[in-house]
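Notes to accompany the following structure.
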Amino acid sequence: MKLEFIPLYEVFEKYKRGCPICKVIKDEEKAYCEHLFEDEVLKDPEMYVKIRETNFCHYHLELLNNSYDKLGLAIALKENVTYKLHQITEKQKSLKKKRKKEKKKQKTNALFVII
């Protein structure tokens, strides 16, 4: 958001109580959260991957939950959880392989000691 696009005089007139900068940021945040999961965004493959791999903080997840598009949020969170579970599964597989190699190595070392 560039400063030149914010009508500064209108901001100060509109938000006479409280900090006008905080109000603008809050409005922009809300607008972003309301439009994040629209059809066009979720149909863009690159954006879909980015959303899938993202970690949302509690505050913004709450904002997203309070937005209008619950279906878009549900789809994104399902994909996000599926992606995280896949990462965990892959990590477990790699750890099991590593442990098998270490056990094999220990058995081989034990054989040399016995002989």
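Some observations on this one:
- Of the residues making up the stretch 12-36, not one is of a type in the set (Val, Ile, Thr) and more than 31 Å from the chain's Cα centre (by Cα).
- Qualifying residues in the stretch 60-78 (those that are of a type outside the set (A, V, I, L, M, F, W, C) and in a helix (DSSP H, G or I)) - the one surrounded by the most Cβ atoms within 10 Å (Cβ to Cβ): Gly72
- Residue count for the stretch 48-91 under the criterion of being over 19 Å from Tyr32 (Cβ atoms) and more than 12 Å from the chain's Cα centre (by Cα): the result is 8.
- Residue match in the stretch 48-59 (condition: modelled with pLDDT of 85 or more, surrounded by fewer than 13 Cβ atoms within 10 Å (Cβ to Cβ) and in a helix (DSSP H, G or I)): yes
The values are calculated or read from the model by the stated rules, or taken from the named source; none is laboratory data. On a predicted model such as this, the values are computed, not experimentally measured, just so you know. Cβ: placed from backbone, ideal geometry, glycine included. Neighbour counts: every protein chain shown.
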